[in-house]
Each structure stands twice: as C-alpha cells, then as structure tokens.
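Chemist: Just dropping this structure here.
The values are calculated or read from the model by the stated rules, or taken from the named source; none is laboratory data. It should be emphasised that the depicted structure is a prediction, and the values quoted were computed from it without experimental measurement. Heads up, the Cβs are rebuilt from the backbone with ideal geometry, glycines too, and the neighbour counts pull from every protein chain shown. The area values use the complete protein model at the heavy-atom level, side chains included, leaving out ligands, DNA and RNA. Shrake-Rupley method; radii C 1.70, N 1.55, O 1.52, S 1.80 Å.
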Amino acid sequence: MENRIPPRTEAVEKLENYITSNHLPPNTKIPSERDLCEMWGINRTTLRFAVDMLVESGQLYRKKGSGTYIAESKLVRNLLGVNSLSTEVRQLGLPFSTHILSLRVIECTKQVSKKLHIPLGQNVYECIRVRSIEGVPCIMETMYLDQNQCPDLEKYYHDKSSIYSIFENIYKKTLVAGEEKISVTYVSEEEAALLDLEEGEPVFFATGVTTMADGVPLEYYKQLFRADRFKFVSMIKRRMT
C-alpha cells in the first residue's frame, strides 16, 4: 500500500516550497487563497490550515483586510544569556531604540516585594518602556528597581541612555545572573496599539529577576515580545569529561 502524505501536511510543504523556491523577501504578499487553491488543486479548508500553521510558526503574518505576507526573520533570544537585549540586537547590526512611556516612584506591591526581597510598601522605581528594532515596536517592558539601590535614577535614565550602563557606571552594580520564565499571552487593546498589533494577537510573555554578584536582586521585569519578531532558544554545549 502506498503511504500518501496527508493533504494538510502536503499543503504546508507546498506553501513552504513556494516561498523558498520563489525567493520571496520579507513583507511580500502571497497569492490569494483562491489562486493558491487553483494552482495546487486543493480545497480552501486544507489551504487555510497550511496558512494558519505558517502564521503560528512565524513564517507568515496577516494584515487585516489586506492579505497574508512573508514574515521577517526572527531574532534569537538566548534564554541562558545575561547580556542586555540592546547589546544582543546591536551585535547583529540592527538599529535599536527605546521610548520611555513612564518612570515614577511607587510603593512596591506584594509581588514586587517578593521578587526584590524588600519590605512591602518600600519605594521602587516603575519604568514602562517600548523598544523598537529597525523602527518597529517589538518589546513592551515594565521594570521595577529598588529606589535604595538606584537613587535619583530619573536624573540619569532617558531614551538615549542604557540602563545597564547606568547600573555599572553610576551605581557600580553589575548584573551577573538571573531567572526568566517564558509563556504566551494575548495583547490588550492598549498593548496592541503600542506594539502595532491587532488586539488579541499572541505574544511571548517573559518575567524575570536579575541579581548582582552578592545574590541581591536589582531588577524585576515583565516583557511582551512580538511573536512575529522573536524566538527563544537555550544554547547548550556538551560538557567534555
């Protein structure tokens, strides 16, 4: 008996091959579902499954009312690294910018108190910022810092400065370790507007704490990453014995 490839799997392979063989660059619109169905002799449901699969994997993206397009190559975020995100992106030669939406002092909540190992109600800096790569807003971040560790932060931190450089050069503190958890969530209307997405689109949600050499936490953060621009990996090397 001949082992035939399931129609949906075959449709995915046809679509991937079409993109590769035609050397379609990012942001190129692919043919309509009707045209692709006629080209390959498959039904609309099967083709839609293939398109959905490539959208979920980040190879395609949809524009409401416009069509389906080739996605940009995703940036790799190393889960085992402790370099700043701006450093990793600039090492790739990509323009990177930060826009601070707010920077204020608040009393820490129970969650922040637990993460930073400080008393409930102690003053912390809350910084909300959007970070763009090649002019595209890709990350929304909320960061909490113990005010006692970073006094007068508002004097030093602005859109053009590096928070990590401020830690090291102004406060003489170096981040050497951390713990980060990754999950998936869906953007609210406000988050979608800031990240140039449709409300309800899936994004990566990262939350973590970075610590100094003495093990004291300095930073607690929550980040939203556009799923069409990032992928997360753990780079592991075999230990030779």
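Chemist: Filter the range 178-210 down to residues that are β-branched (V, I, T) and buried (at least 16 other Cβ atoms within 10 Å of the Cβ) and give me whichever is nearest to R229 (Cα to Cα). Steps first, answer last, please.
Modeler: Residues of the range 178-210 that are β-branched (V, I, T), as a first pass: 182, 184-185, 187, 203, 207, 209-210.
Within this subset, residues satisfying the condition of being buried (at least 16 other Cβ atoms within 10 Å of the Cβ) are 187, 203, 207, 209-210.
Working: V187: 15, V203: 10, T207: 18, V209: 23, T210: 24 Å.
Here the answer is V203.
Chemist: Next question, about the same structure. If you check R239 against the conditions, is it among the charged types (D, E, K, R), at pLDDT below 90 and buried (at least 19 other Cβ atoms within 10 Å of the Cβ)?
Modeler: No, not satisfied.
Chemist: Take V55 and tell me if it is at pLDDT below 85 and under 30 Å from C127 (Cβ atoms).
Modeler: no
Chemist: Something else now. Could you grab me the full set of residues in the range 211-231 that are within 13 Å of the chain's Cα centre (by Cα), open to solvent by 50 Å² or more (accessible area, probe 1.4 Å) and either modelled with pLDDT under 90 or hydroxyl-bearing (S, T, Y) (or both)?
Modeler: K231
Chemist: Moving to a separate point now. Within the range 138-173, which residues are open to solvent by 60 Å² or more (accessible area, probe 1.4 Å) and touching a Phe, Trp or Tyr at 6+ places or on another chain (Cβ under 7 Å)?
Modeler: If the condition is that a residue be open to solvent by 60 Å² or more (accessible area, probe 1.4 Å) and touching a Phe, Trp or Tyr at 6+ places or on another chain (Cβ under 7 Å), then I170 is the only one that fits.
Chemist: Applying the selection to the range 16-31, what residues are open to solvent by less than 60 Å² (accessible area, probe 1.4 Å) and either of a type in the set (D, E) or without any contact (Cβ under 8 Å) to a residue 40 or more places away in the chain (or both)?
Modeler: Of everything in the range 16-31, those that are open to solvent by less than 60 Å² (accessible area, probe 1.4 Å) and either of a type in the set (D, E) or without any contact (Cβ under 8 Å) to a residue 40 or more places away in the chain (or both) turn out to be Y18, P31.
Chemist: For the range 119-137, name all the residues that are crowded, with 18+ Cβ neighbours inside 10 Å and either part of a loop (DSSP other than H, G, I, E, B) or at pLDDT below 95 (or both).
Modeler: Selection gives R131, I133, P137.
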